[in-house]
Every structure is written in structure tokens, then in C-alpha cells.
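First up is the structure itself, then whatever we jot down about it.
The values are calculated or read from the model by the stated rules, or taken from the named source; none is laboratory data. Predicted model only: the values in this text are computed from it and were never measured. Because the Cβ atoms are built from the backbone with ideal geometry, glycine has one as well, and the counts that use them run over all protein chains shown.
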Amino acid sequence: MNGEGKITRVHRDRLAVVYLRQSSMVQVREHTESTTRQYGLAEEAVRLGWARQDVVVIDTDLGVSGRWGVARAGFTELVGRVCSGEVGAIFGIEISRLARSNAEVARLMEFAAITETLLIDADGVYDPADVNDRMLLGMKSTIGEVELHVMAQRLHAAKNAAAQRGELRTPLPVGLVYDEAGDVVIDPDAEVQAAIRDVFAAFEQTGSAYGVVAAFATRRFPLRAYGGVWAGQLRWGKLTHARVLGVLKNPGYAGAYVHGRYTSRRRVDPDGTVHTGLVERPRAEWPVLIKDHHPGYITWEQFLLNEAKLAANRTNAGARPPREGSALCQGIIACGSCGKPMRTNYHTDARPSYECSSRADRLTTPTCRSVAASTVDDAVAEQLLAALNPTEVALALAAADRVTDRHQRVSRAAELAVERARYDAERAERAFHAVEPENRLVARSLEARWEAKLATLAEAEQALAAATDTLPPLPGRAELEQLAADLPGLWHAPTTSNKDRKRLLRTLIADITLLPETDHDKVAIGIRWHTGATDELRVARAVHPGTAKRSPSPAVEMVTRLGPTTPTAELANILNAAGLTTGHGRPFDVKAVQWIRHAYHIPAPVAYAEGEISVAQAAERLGCSTGVIYYWINTGQLDAHRGSGHRLCIPWNGQIQHACNRRIIESGHLNPAARRSKPRTRR
């Protein structure tokens, strides 16, 4: 081996570290010869004079990529041992391939030069402290990095070329398999087919991924395993929300071949840590998209509709999809005073309200309001159904015809551009085939022109596809007429859910705005239709149930005027004689008048005559509880009668008080001393 003379006793007295690395577990599993060679470097270290117990093998990074920024525990351990000065030499198949990044190799060489550590591979022994060895290692490392780049570029170019033809085989989602000829077909397993089709049917019915999960709560869902001991096997388990999104967003189920949906992105933290992750590209940036490549479960148009529904359900992106609650304008109503959306607050399911979200931030304006949802919902629903009269329906159908015509003109222009580009390409092809092969100069020029025409044709076809995809599908005229005829009945049908009513509402109305209104008893509502037209309504606020059941003002005024001098029972008769009723519509009685006195703090006339006291006063004078007084009254031991206001009035004098005091002294219950003074009778 070249440079064995560089190895001294100082190096042999320290450890010899053999570092093993392979980039993936597939290489570890299939390229066993490379692993065997790397483990064999331990014997090479013994041959060069290191004791066997001083040879350390670090194989933690087997299956871990050597890309810069990838966390490698084995390489970190190696650098730590070198920095501590306990390593005399590092062994590897190729020292320049300890890492794929020149920065990491140069860093390791810098530490090895400081600690006088040698680097040894099959080519020889290198001393990083020697400038010539260091330059040689740097050149080999640079050449190795360029070699890896060229190899990766060639491999990716071949991979992309196969993908452009739709021939690059990649793992298929469950429900699709490769047949004997290598073509993509629907899985012949009937249970798998039924599960996949039911996912799309459930999403069309519920409109949300969580709705699909609920529909599969008692069913199992298939999974095709790739790699590992279960490779190729069909596994069954629970359908999760993430898997539902994976099925709905996979264009393979629409019969499309796609390559490059995801790309790798790397980011660096402030501390220098590198993170690598996958990022989904927008559909316009997919490198390869071949429609109708293989049989699918749904059409491409249905895939686009599902994608639009999922985007409309993303509340974290600002979308407000219809929910199951009874508030019809949920998600599309905003405050016209501060401009913020209004939140839906359910006090109970039957009494929701709309509240300005600025309240949470304490940024409300003087005209920001909250309103009962029924006030806005009833007015908006009435306006919606009123808009579907025969005249308005005729205007809407005419507008739909104009929109359809405009869509057709846009598509027709793109179709004519494709037709012209195809004609030019075919003409260039005929000219190329008509030239004599020996006339290479002319043939080369015609070939270049043919390729340019083909590129123009491809761009025109992409423009046509983009124009077709961006135009939303329009319902037919017959479908619109049927919907307009059945909408009132459908709206009020008990089988129509709140969620369905919200969807019907949003087909015509874009958003609702609660406009500023100084009158607290009124609500100003702005409606913006999808056609661009606007309407403004002013309706009365709904009266709170408690307010609606209050006693009428004339009755309250009469009780306030006559109450201090008129007994309650007599006042009830006066109110009934005047034809007044309670808030519930019933005649007045003593309890109703007493409640008005309590609510409005109206005093009653003096209830006690000269020489009469109340129950509370009697209990206070006797030093007992009111319960004792009530007991005496109920048992006839104390006289009392009902006075004005239906209050108990007790005639009182010194003799009655003396009798009551004596009754308390003789009571064993009220006076424990009396109980102890009585002799016990023995039986």
C-alpha cells in the first residue's frame, strides 16, 4: 500500500476506526459484496499493525444517505472521536466518499490534520497535515461529487423520458394494478373495486372527507403494501381521513398518468440544521400529465369537481363550507361596519345568533351588532324564493344561455388554435418525409421546423385543456327549469337537511352583509347574488321570548300608580275589569300582581292594623325560628288571619307574649333544660 511509512507508533497506539456507509437499505440488502469489503477493512487495519482490540467498526450509517444535511449518527460519532484525539487512522473504501458533500469531507480533514489522524483507503495512506495529500484528497472529492452529479442527471433524464411516454412504472394506489403486459388496469378484486367506488359515492353524497370516514365506520378498507415482508399483499384496515384525502386527490383514479406531483424541498434552520421534505406542486406545474392513460373509477371532470369541493372545505384557508347547524347564513355573512366575518353562536340549536368577530379582539365599531339568526335567515330565504318567480327564472335561464354561449366561444377559439397547429405540424411532417434522405442539409432544416410545429401543437393542446378545466360545468336548461319549479317545495320539505338548504342558498347568493343601522329595533341586510346584483332589506329584529312575555305597559303603569295604596287582590280585580291581561294572555290574579310589584319594586299598602305583627316580628320577640310560629298557627295555638297582600297578621299584646314564652320554657324540644328537669319514669 502506498504511504505505509506515514504510519508511526503514535498512530498505532490510538484507535483504528473503520467507517461503513451505504446510501439506502436496498443497497444494504442487495449489494452485499460492498458491505463485506467494508467490514474486511478491519483485517487490513490489523495487518498494518493495529491490535485487534484497538480496531473499532462504526456501521450505524448503513442505509443512510451521505447527502449534506442528512443526520448521520455514525458520522457524528466518527467526528467526535477524531476531535477527542483517540483516533489514529480512519479506514474506508474511498476516503473521498465518506460523505457526498465536499464541505463535510473538508471539515473532517481539518479536524484530522489538527489531531494528527491518518486517512486510509485502497489507494494509500493520506496525512491531512501534508498539503500534497490534502490537495489530492480535495481533488478526488470534487471529482467524486461531479461524477455523482453526472450519473444522477443521466438517470433522471432517462426516468423523465420514460415518464413522458407514460411508461415509467411506479407504485399504484390501491384499486389499480399492472397486468401481464405492464398496462394499468382496475384491480380485478370485486371487494376492492366496491370499496374504492363507495369512497367516491360517499364523498359525492356527504361533500366532505370526514363524511366518508363516518360512512366507512363499520367497514374495512384495502391497502396494497409495497416493500418489506408484505410487498404486493393486500391488507385491510380502518379508513382514515388522511387516506380518504389520498384517494380523492389522486388523479390516477381518474385514468390520468401523472409524474412529478411532488418535489423535494430543503430548508435550513438558523442553527444550520437542514430539513428535507416533499411539497405538492400545483397542477399547472406537473411535468407529465397524460389523461385517459388507463381505465379509471371516475372521469377527469369529476376529479376536478372533487378537488374544488375539497378546496372549499379548507377552513384554514379561509373557506366556510356549509355545516349541519340551523343557521342558514353561516360562513357567508359579514359585518358591514368593521368588515370582519360574523361568527355563528349557538345558544341552543333552536336559537342561534350571528355575532361580529371583532368582539373577541375588542375592535368593534359603534354600529357592530349581533342579531338572532332567525331574523336574517327568514328574510334571506324569503328573498331567495321570491327571486324564483316565473319572470326571474326566465331572466336567469337567458343569463345561463349567455354564459353557456360565452363558454363555447372560449373553448371554440382554443379548439381552432389546436386545429391550425395540427395542420401546420402535419404539413411540416409531409415536407420532411418528401425530401430525399441524401439531401441532409434540407432534411435537417425540415426536421427542425417539424419539431417546432410539434412544440406549438403541444402548447395549443395544453391551452385548450387549461381553458376546459378552468370553466366550471354548467347545468342544462332542463335541469335549471326543474330546479326552479321544485325549489319552494324542496326548501320546506322536512326531508331537506339544514346542510342541503345552505347549499341551495349558496348556489344563487354569494354573501350576506349586515349593514350599519342606527335603529336598534331594525336590521339592514345586504344580499349579493352570484350574478353581481345586490339587494338591501330592512326588517324588524325578533323580540326575545322573555321580552315578548312581559306584562303590557298599561298594566305596569296602573300597578305603579295604584299599588302603594291598593291591596293586591283588589288591584287584580281592577286590572281584569280594565280588560288587561298578563304577558301570557291570561287574566290577572294575586300572584301575577305580586310579580309585577317584585319586578318593578312597587311597595304594597301597610298590611298590619294596630296591635298586629308579622310572623318574622313574632319570632324575633320570642327568640325562636319562624317555623315555630307557623307551627303554632297551623295547630291553632296562635291566632292569625290573612291581611292585605295575603300576609299573615298576628294579634299581639303582653298577655299573648307571656303565654308564648311560657310555652317555650315548658317545651322539651325548644328548651333542653326543661327536658332534663323532668323525672324519668321506669317501666
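In table form, for the structure just shown:
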| item | result |
| --- | --- |
| Selected residue (only one of Arg235, Arg243, Arg197, Arg219 is farther than 27 Å from Glu301 by Cβ, touching a residue at least 12 places away in the same chain (Cβ under 8 Å) and within 25 Å of the chain's Cα centre (by Cα)) | Arg219 |
| Tabulated pairs, region 1-23, first without any contact (Cβ under 8 Å) to a residue 12 or more places away in the chain and outside the structural domain of Gly80 (by TED's automatic domain parsing), second loosely packed, with under 11 Cβ neighbours inside 10 Å and of a type in the set (Asp, Glu), C-beta under 7 angstrom, 6+ apart or interchain | none |
| Gly69 vs. criteria crowded, with 16+ Cβ neighbours inside 10 Å and modelled with pLDDT of 90 or more | no |
| Evaluation of Thr364 against (1) touching a helix residue (DSSP H, G or I) at 6+ places or on another chain (Cβ under 6 Å); (2) modelled with pLDDT of 70 or more; (3) over 18 Å from Ser326 (Cα atoms) (one fails), failing number | (2) |
| Wholly within region 154-261, strands (runs of 3 or more DSSP E) carrying at least 2 residues that are of a type outside the set (A, V, I, L, M) | 221-224, 234-237, 257-259 |
| Residues located in region 628-672, provided they are of a type in the set (Gly, Ala, Ser) and surrounded by 13 or more Cβ atoms within 10 Å (Cβ to Cβ) | Ala640, Gly643, Ser644, Gly645, Ser667 |
| First in region 246-272 and assigned by TED's automatic domain parsing to the domain that holds Leu289 and farther than 19 Å from Ala284 by Cβ, second anywhere and in a loop (DSSP other than H, G, I, E, B) and among the β-branched types (Val, Ile, Thr), Cβ under 9 Å, 6 or more apart | Val247/Val174; Tyr253/Ile298; Gly255/Ile298; Gly255/Thr299 |
| Residue that is of a type outside the set (Gly, Ala, Ser), modelled with pLDDT of 85 or more and surrounded by 19 or more Cβ atoms within 10 Å (Cβ to Cβ), where the choices are Val87, Val46, Val57 | Val87 |
| Which listed residue, of Ala428, Ala465, Ala448, Ala452, is modelled with pLDDT of 80 or more, part of a helix (DSSP H, G or I) and closer than 30 Å to Pro282 by Cβ | Ala452 |
| Residue in region 222-233 that is β-branched (Val, Ile, Thr), crowded, with 18+ Cβ neighbours inside 10 Å and either farther than 30 Å from Lys502 by Cα or out of contact with any His (no Cβ under 8 Å at 6 or more places or on another chain) (or both) present | no |
| Considering residues of region 612-671 that are free of Cβ contacts under 8 Å to residues at least 12 places away in the same chain and hydroxyl-bearing (Ser, Thr, Tyr) only, the residue farthest from Val559 (Cα to Cα) | Ser667 |
| Test result for Ala592, free of Cβ contacts under 8 Å to residues at least 60 places away in the same chain and either of a type in the set (Val, Ile, Thr) or more than 25 Å from Ile650 (Cβ to Cβ) (or both) | yes |
| Near pairs, Cβ below 9 angstrom, 6+ apart or cross-chain, from region 47-63 (not assigned by TED's automatic domain parsing to the domain that holds Gln22) to any residue that is among the hydroxyl-bearing types (Ser, Thr, Tyr) | none |
| Residue in region 574-595 that is nearest to Arg561 (Cα to Cα), counting only those that are of a type outside the set (Gly, Ala, Ser), in a helix (DSSP H, G or I) and under 56 Å from the mean Cα position of the chain (by Cα) | Val593 |
| In region 596-615, the residues that are within 30 Å of Trp652 (Cα to Cα) and in a helix (DSSP H, G or I) | Arg597, His598, Val615 |
| Wholly enclosed strands (runs of 3 or more DSSP E) of region 262-329 bearing at least 1 residues under 21 Å from Leu464 (Cα atoms) and modelled with pLDDT of 80 or more | 288-290 |
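Here's the yes/no breakdown for (1) crowded, with 16+ Cβ neighbours inside 10 Å; (2) closer than 30 Å to Pro188 by Cα:
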{"site": "Leu98", "(1), (2)": "yes, no"}
{"site": "Glu110", "(1), (2)": "no, no"}
{"site": "Pro128", "(1), (2)": "yes, no"}
{"site": "Thr170", "(1), (2)": "no, yes"}
